[in-house]
Structures are given as C-alpha cells and as structure tokens.
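K.L.:
So that we are looking at the same thing, I have put the structure below in structure tokens.
Here, each number is a calculation from the coordinates, and none is a lab measurement. Predicted model, so just to flag it, every value in this text is computed and none were measured. Cβ atoms come from the backbone with ideal geometry, glycine included; neighbour counts cover every protein chain shown.
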Amino acid sequence: MGKTVLMQGNEAVVEGAIAAGMRFYAGYPITPSTEIAEQSAVRLPQVGGKFIQMEDEISSMAATIGASAAGVKAMTASSGPGFSLKQENLGYACITEIPCVVVDVQRSGPSTGLPTSPSQADVMQAKWGTHGDHPVIALSPSSVRETYDLIIRAFNLSEKYRTPVIFLMDEIVGHLREGIEIPDPKDIEIINRPVKKFAKQNGLPYHVEEGEWVPTMLPFGKGQRYHITGLAHSESGFPTNDNATAGKLVRRLIDKVEKNLDDIVTYEEVMCEDADVAVVCFGGTARAAQSAIEQAREKGIKAGMFRPITVWPFPGKQLEALSKKVKRIVVAEHNDGQMLLEVQRVVKNNCKVDFVGKIDGSVLTPPVILSKIEEE
Amino acid sequence: MSEAKKTTTKKAAATKATTVKVADANKKTKMEIRLTGSGGQGVILATIILAEAGIEAGKHVAQSQAYGPEARGGSCKAEVIIDEKPIGFTKVEKPTFFMALTQKALNQYAPGLSKSCIVLLDDTLETPECLLSNKVYKAPILESAVKEVGKAMTANIVAVGAINAILNLVSDEELHRAVMSHVPKGTEELNEKALQVGMKLIKK
C-alpha cells in the first residue's frame, strides 16, 4: 500500500482497469461516465495502450469486442441511454465468448432522463438487455476503493469465463471522491484468458477441452484464420442449424456462470449475525444503508445490511439463508423495485419483504431508510 | 453491542479495505461542508481542495457535487465531508458549514440550515430572513479576487483560504500543498496569493 490519494470513482475505474491490463478503450462520452473516457484518453497512451472515441455507443461496443478478439484487454463505458445501444453487440460478445468489460454508470431514466442525477434502474437491463438466454456477470461497487479492486475482478472474470462483464456503477460512486491507497501491483491477482495452442486442438477454435468451461482463445489476426459469428456455431466456429449443437452451446454459455457461482458470487454482510431486520441494497445506496443501520442500532433495533457485490449472478443461496434468520427484509434501491423482484423470488415466504426506492433523481438518505426499518 | 457491530465480509477479499466501521456516536468530529454558487465559479474545485487537505491531514473524506447539465451559469452545489472516522453516507445531510457566492444559491439553500451551522457569504449578498445561523461571516470574496489578487477566477481559492481560517480544518502547510496539487502549472504564484488574501479576510 502506498500513499493515500484523492480519487474519483470514475478515475478509479480507469486506474484499476489499467492495473488489470486494459490497453484499449473505445467509447462515446456521456454523463455521468464521461470522466472514464477522459481519463482513459490521458492514461492509455502513457502505458502503450490505445484510446479511440467512436461515432456512437454501438460502434464503441463493436470496437471493444474487436480489440479483445485481437488479443487486447478492452473496455467501454457509458450510462443508461448508451448502455441500451450497446445491448445488441453485448449479446454478440456473449455468444462469441469474447472477453470485455462494459461500464454502466447509471443515471435517471427512461431515455436521456436526468443526466446528472443518480439511479440504479439498469439492474434488469444488465440481466436481460440483450436478447436470448445468456450468462451475465454484473459487479457493483459502493466506494472508490472498492471500485478499483472490483474493476480488476471484472477483467479477471471476463478473461477466465470468456464473457462480457458489466460494471454496474451509479452516479453516487462514479462522481464520489475519496481517499484511497493504491495497492502494490505485485499484490494484485491478474487472470489472463487461456490462449490456444492451435496445432494441438485440430484447428477447432471453439473446441472445449474435457473438464474446461471455455475454449482456449487465439488472438484474431495472429496467423491462424478462423471464423467468429453471432450465429449458433459448432466447435469449428462456423454457423450451424443443428439443434443439438446449438443447444449444447447455449447450455454451456449459461452453465459456465451458473455452475461456478461459488467462484463468482461475492457479497457483504454487515451486522447480520443477530439482525431482526436486514437492508438489502447495492452500489452507492449501501452508504446510506450503512448509516441507517448504525442509527437503528443506536435506537436499539437490531438492523443489518446484505449487499450483493455481484448483482448478477445474484447471491440467492446466501440471501435465502439470511431470510430464514431475520424477521424482515427492507430492499433499498434507486429505482422502482428491480432487485426487489429477485429478493422476492429468493426469499418467498421466509420473511416479510418491504421496499424503499427513489425514482425522482434525488438520493436515498439514511433517515428515509431508517424510517422504513422502524416501520414495524 | 460492540460484538454485534462486527462487520463480516464473506467471499469478498478484494473489498475488505472498504468495510465501514461502526461510527463512534460520542465523537462529533464530522465536518459537513456545503459550498454553493454559480457553475464556473469553481466551488467544486474548492471542495476537492478541501478534501485533498483533509487527506493531507490524515482524515477520511468524501467529496461530491450536484449540478445541472450546463457547464456555466447554472446553480452549483458541492460538498465535502471530513471526518476522523470512515464515512458511511457520502452526502451532506446537516451542513456544519455553508458558503454561498450567489444570491440565487443562498436563497435556495438557506432554509435548510440550522442555527449551529457556520455560514460564509460573499458580502454582496443580502441575508435572507430564513437564515437561522448564529454565526454568519460576510467577506468580500469575489471583490478581493478581482482587486487584490487580480483575477476573478481565483475567487474559489480566496474562499478556500477564508474557510480554513474560520474552521481550522488543517494546517496552513497542508492547505498550501492541497491547493498546489490542484491548480494548473504556471498559476502557483497567483493561487498562493489568492490563498493568502482569503486567509486574511477572516479576522482571528
């Protein structure tokens, strides 16, 4: 650990991404994510990387996928309106299994909504924004320090599982400045994609070895020609209409995430051991919830907080266990009840589930969450 | 109680450093500072500098801002929390210090201020009746930047000097370093002058 420096959440995205090995950024600036593009433009050339401002969000996503296919760790960032535009190509990255990180600094919507106001209303867009059955990993930080660590993890998961990873931030953390200690590079775990040694694998670019979840990857343009398509494909990489082959592919795409939940899922429990009420929240909302449960404790209410760090896959098993211990869960989020749906699906009738949300662009404050905690 | 307040982090090794400790309610060390003005006056940078100074002094800080889509002319609110303890909620709830550089911002935010909130106003502003504060400083921040420093855009640095003279947040040396780390190269002398002018605006 070095000196403490003052850093903005959006800057921590870039610094963490570069530490993780990001060397390509394509984007189209949009509030409240613009500082990510700005900082990438400054920092990438300094480390031998490339920054490109594209004509729009669709092409930004395409360029990000293209760079990664060529063997370079790549990232793009946007906010809700731009994240909507990235969805088609996001699906392309899912089925072609090209690692990349897509940052969404959420703002109030729908459409261009309130550009400078916080929101967390892209929870379901992160999961279902691109069509078809597909895996989703979405991580959400609640502090600047965590942003740095978690964007590194986003790259690592993306590389390991060969899948796009969504970094689901909000304006609260993106525009927050805090003091952080940058970890020593030698203390950072970096995972790189499994690279193909082609000759040994019969030249099949999407051949998956026994016991592995993903095919090894050959950088596109490095000698061996192969085919990449958004159509269902066989191990050869070429399109197929064979139902069995297509079914096997989609099953593996889903299972590489769903069967590895123990490796992927992270969450935080605060003061949950003896809690009667647990606040479930994520991202920047956790800062208000943290203060609210402390104030509740001062009033003699046993309150705790459960915070999914992986919003997707959702820590369902862990929340289910908690729901059998507490009397009540309060879901707090800056939307009209999106994570709430997932909580209700998991908790069923184990305990009562209440909700407190925000849809007007203002910030959920500790007193508002506290009064919901106190309701019973 | 202390046992129950233990924070557990599972399968989140990477996030350990962010675990927020339970606040010690007996210590009122938390400064909640809100600076307001018009977009372009540099109130955001002023809070960034105060945050930087807080870090220089080894404190926990959280700085944020709210503004409209326009870069210039819109109303602007910037905040910084400086605390001995790790900070939970990152926005200012009950300002302990408030500054306004424009009448519009003052009129907008004055109704929410408590009696104990220390207020600093540019001396061209009229104090609204709804301002309850027991401690109101009026200082020629904007005028000093023009006449004494020689550049209107240094008003925010003048303000930073005045604020630290009122609140004694950090040492002069720490404040100096914080200012220097956030002003453009070649403007160090000008901004140092602005800082000194600001400090002298407040009579000790």
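K.L.:
For the range A:267-373, with only Lys/Arg (+1) and Asp/Glu (-1) charged at the beta-carbon, what is the dipole magnitude about the Cα centre, in debye rounded to 20? Kindly include the intermediate steps, with their values, before the conclusion.
P.N.:
Details: 15 positive and 13 negative charges, 60 e Å.
My answer is approximately 300 debye.
K.L.:
Taking only C-alpha pairs under 8 Å that are 6+ residues apart, what is the relative contact order of chain A in percent?
P.N.:
Relative contact order for chain A comes out at 16 percent.
K.L.:
Tell me which of A:V42, A:V144, A:V257 sits at the most positive position along the dipole axis of chain A, charges placed on C-beta atoms (Lys, Arg +1; Asp, Glu -1).
P.N.:
A:V257
K.L.:
Arrange A:H233, A:H334 by Cβ neighbour counts within 10 Å, fewest through most, would you?
P.N.:
Working: A:H233 20, A:H334 31.
In order of increasing Cβ crowding within 10 Å: A:H233, A:H334.
K.L.:
In square nanometres, what is one fourth of the surface area of the convex hull spanned by the alpha carbons of the range A:267-373?
P.N.:
5.7 nm²
K.L.:
Just want the ordering: A:S371, A:S40, from fewest to most Cβ atoms lying within 10 Å of their own Cβ. Don't skip to the end; give the middle numbers.
P.N.:
Numbers: A:S371 11, A:S40 28.
The most exposed by this proxy come first: A:S371, A:S40.
K.L.:
What per residue convex hull volume, in Å³, do the alpha-carbon atoms of the range A:4-187 yield? Could you put the intermediate results ahead of the total?
P.N.:
Values: hull volume 18.0 nm³, N = 184.
Convex hull of Cα atoms, per residue: 98 Å³.
K.L.:
Fewest Cβ neighbours within 10 Å first, please rank B:L167, A:L249 accordingly. Working shown, then result.
P.N.:
On the way: B:L167 17, A:L249 20.
Ranked by crowding around the Cβ, least crowded first: B:L167, A:L249.
K.L.:
Report, as an integer, the average count of C-beta atoms from other chains found within 10 Å of each Cβ along B:59-65.
P.N.:
Mean partner shielding for this stretch: 6.
K.L.:
Please quote Rg/Rh for the protein assembly as shown to two decimal places, taking the Kirkwood radius as Rh and restricting both calculations to Cα atoms.
P.N.:
1.00
K.L.:
Can you give the calculated 222 nm mean residue ellipticity of the protein assembly as shown, where each DSSP H run of n ≥ 4 adds -39,500 (n - 2.57) and the sum is split over every residue, rounded to the nearest 500 deg cm²/dmol?
P.N.:
-10500 deg cm²/dmol
K.L.:
When only Cα pairs under 8 Å and 6 or more residues apart are kept, what is the percent relative contact order across the range B:28-201?
P.N.:
The value is 22 percent.
K.L.:
What is the magnitude of the charge dipole of the protein assembly as shown about its Cα centre, with +1 placed on the Cβ of each Lys and Arg, -1 on the Cβ of each Asp and Glu, and no other charges, expressed in debye to the nearest 20?
P.N.:
With Lys and Arg at +1 and Asp and Glu at -1, about 600 debye.
K.L.:
Still on this model: Of all the Cα-Cα pairs you can form in the range B:28-201, what percent are over 25 Å apart?
P.N.:
25 percent
K.L.:
Can you find, among A:P315, A:N335, A:S291, the residue farthest towards the positive end of the dipole of the range A:267-373? Put +1 on the C-beta of Lys and Arg, -1 on that of Asp and Glu.
P.N.:
A:P315
K.L.:
A further question follows. Charges only on Cβ, +1 for Lys and Arg, -1 for Asp and Glu: so what's the dipole of the range B:54-204 about the Cα centre, in debye to the nearest 20?
P.N.:
On the way: 18 positive and 18 negative charges, 42 e Å.
Value, rounded to 20: 200 debye.
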